[in-house]
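First comes the structure, then the notes that go with it.
The values are calculated or read from the model by the stated rules, or taken from the named source; none is laboratory data. Here the structure is a predicted model, which means the values were calculated and not measured. Positions of Cβ are generated from backbone atoms using ideal geometry, with glycine treated the same way; all protein chains shown enter the neighbour counts. Accessible surface areas use protein heavy atoms only, side chains included; no ligands, DNA or RNA. Shrake-Rupley method; radii C 1.70, N 1.55, O 1.52, S 1.80 Å.
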Amino acid sequence: MASQNHQARSRQLNKSGKTMNRIELAIFGAMTVYIIAVIVSYMKMEPIQGYEIQLGSLSVSKTFTGIAIRQEELLRSPYTGYINYFVREGERVSSRDTVYSVDESGKLASLLNAGDMGEASYTDEELSEFRSEVIQYDRGFDSKNFSSVYDFKYSLEGAVMKLVNINMYENLDVLKQSNLGSVISLCSAGKSGYAVYSTDGYEALAPDQITAAAFDQSAYEKTRVNNNDLIEKNAVVGKLVTDENWSLVIPVDEERAAELEEAQYIQVKFIKTQETSWGQVVIHHLADGVYAELSFNNSCVAFCTDRFVDIELVVNDQQGLKIPNSAIAEKEFFIIPAEYMTKGGVNGNYGVLKEKADENGNLVNEFVETNVYSSDEEVFYIDSSELEVGDYICKMDSADKMAVSKMGTLTGVYNMNKGYADFKQITVLAYNDEYSIVSSNTQYGLTVYDRIVLDASSVSNNDFTYN
């Protein structure tokens, strides 16, 4: 009997042992399958690309095309006849200088073409002036702006005709002998200023009259009177820029307008000459947009023949942490009043007292540690993973409590120093199409040499990262 009982117990133990072995094998097999699945999944995943933060700078200069506003007075001829200019366009004249002549007979051109005014000879200085004209045109040539060819033609023609007409002026005796002296009238501007021989209808334009349509260069027209053209009495033959003070008006958005208005003065780089000057800022809020007027007390002569002037606003390079724009993300957080935040737990970190029911149904307060992503004297931005909308939190040593509900968005990047995506708030100082400059050494922010996720859209907060 005892032997039978022993055999029965042995059979039962063997059966139990086999069952345990099967369970262990099943568990081991499941773990093996899981590990293999994780490894396969790991191998198939694309690695998270990182970016090491460096100190850098960023140029935030912006290019604009402005409309030049000047003191301009139209020049009208008191005679009918053929006009010839004595002064090169863009040169300054006094009130008594002869600017142009009007030939009532029309024979002066024939006299000039016949060479009866004597042989023209050019000094080295004059030839250098011609070369300078050609070089400047060649450097600034733009095939998309073919009208510049005509401007160059008129400029070069003006330089040549100035010398020819001065030669004519110096040979009045020849004119008198040819019986032309009595029919050629020499005309002055009557005021001092820069002589310009084209008009465009913008001469009386004031900064507060600017419209968006005025910047449409495809509809812009310039009228010009050339040497030997027949003109009528009182016809407009050019204009005089009478004041060295002038301004440029550019269209801007509200944000840029506020920055310029606060600065009051801005350094401007002129694309045409590559020179810089400081302009005083006045903002005009008009019916169809916001415009910045930049006033100058120099450089007028360089642009007196130009209505549209390309400029670059020179802004000091911003220094800070340079990061790619692709690394920047926005994330929502709970906004908690500062008086509801407290410190506790093993490490004495920030958290909240969350109200919950114990096993007997009584309401008690439990300290819940939270990650703080930004804070000031009034509010804290905390991670939403430990709380839910509607949870009640309590003040320390008070009966006051509130339901968690208010949320806000922070701009930041995902730090990957610890092997997982850890959101860090950033303060953007400046940006362009590719990079941003952010503040360094902020309380919850970044420091130089931190590694961040290059593509913020590829991860979520607390995702495992590797590279």
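Answer with yes or no whether A329 is within 20 Å of N462 (Cα to Cα) and small (G, A, S). When the stated conditions are applied, A329 passes them.
Determine whether the range 245-252 contains at least one residue that is at pLDDT 95 or above, closer than 30 Å to S77 by Cβ and open to solvent by less than 40 Å² (accessible area, probe 1.4 Å). For the range 245-252, residues at pLDDT 95 or above, closer than 30 Å to S77 by Cβ and open to solvent by less than 40 Å² (accessible area, probe 1.4 Å): present.
Please specify each residue of the range 34-68 satisfying the condition of being modelled with pLDDT of 85 or more, surrounded by 14 or more Cβ atoms within 10 Å (Cβ to Cβ) and among the hydrophobic types (A, V, I, L, M, F, W, C).
First pass over the range 34-68, keeping only residues modelled with pLDDT of 85 or more: 49-55, 63-68.
Filter again for surrounded by 14 or more Cβ atoms within 10 Å (Cβ to Cβ), leaving 49-51, 53, 64-68.
Passing the criteria: I53, F64, I67, A68.
Of F215, F270, all but one fail to be in contact (Cβ under 8 Å) with a residue 24 or more places away in the chain and within 14 Å of F303 (Cα to Cα); the exception is F270. The residue of the range 273-310 that is most open to solvent (accessible area, probe 1.4 Å), among those that are among the acidic types (D, E) and more than 18 Å from the chain's Cα centre (by Cα), is E275. With respect to the stated conditions, N417 fails to be open to solvent by 50 Å² or more (accessible area, probe 1.4 Å), assigned to a loop (DSSP other than H, G, I, E, B), free of Cβ contacts under 8 Å to residues at least 24 places away in the same chain and not β-branched (V, I, T).
A302 meets each of the listed conditions (1) in a strand (DSSP E or B); (2) of a type outside the set (S, T, N, Q); (3) more than 30 Å from N462 (Cα to Cα) apart from (1). Among the residues that make up the range 397-409, is at least one of them within 15 Å of A327 (Cα to Cα) and open to solvent by 50 Å² or more (accessible area, probe 1.4 Å)? No, the range 397-409 contains no residue that is within 15 Å of A327 (Cα to Cα) and open to solvent by 50 Å² or more (accessible area, probe 1.4 Å). Restricting attention to the range 253-272 and to residues that are under 24 Å from S198 (Cβ atoms) and open to solvent by 20 Å² or more (accessible area, probe 1.4 Å), the residue that is modelled with the lowest pLDDT turns out to be K272.
Scanning the range 430-451 for residues that are outside any loop (DSSP other than H, G, I, E, B), in contact with a Leu (Cβ under 8 Å, 6 or more places away or on another chain) and open to solvent by 20 Å² or more (accessible area, probe 1.4 Å) yields Y431, Y435.
Would you check which residues across the range 197-217 are assigned to a helix (DSSP H, G or I) and crowded, with 17+ Cβ neighbours inside 10 Å and list them?
Initial filter on the range 197-217 (assigned to a helix (DSSP H, G or I)): 207-209, 212-215, 217.
Once the filter is applied, which keeps residues that are assigned to a helix (DSSP H, G or I) and crowded, with 17+ Cβ neighbours inside 10 Å, the range 197-217 yields P207, A214, F215.
Across the range 281-299, the number of residues qualifying as more than 11 Å from P251 (Cα to Cα) and of a type in the set (V, I, T) comes to 2.
Considering the conditions (1) touching a residue at least 60 places away in the same chain (Cβ under 8 Å); (2) under 28 Å from K62 (Cα atoms); (3) touching a Ser or Thr at 6+ places or on another chain (Cβ under 9 Å), D433 is excluded by exactly one of them, (3).
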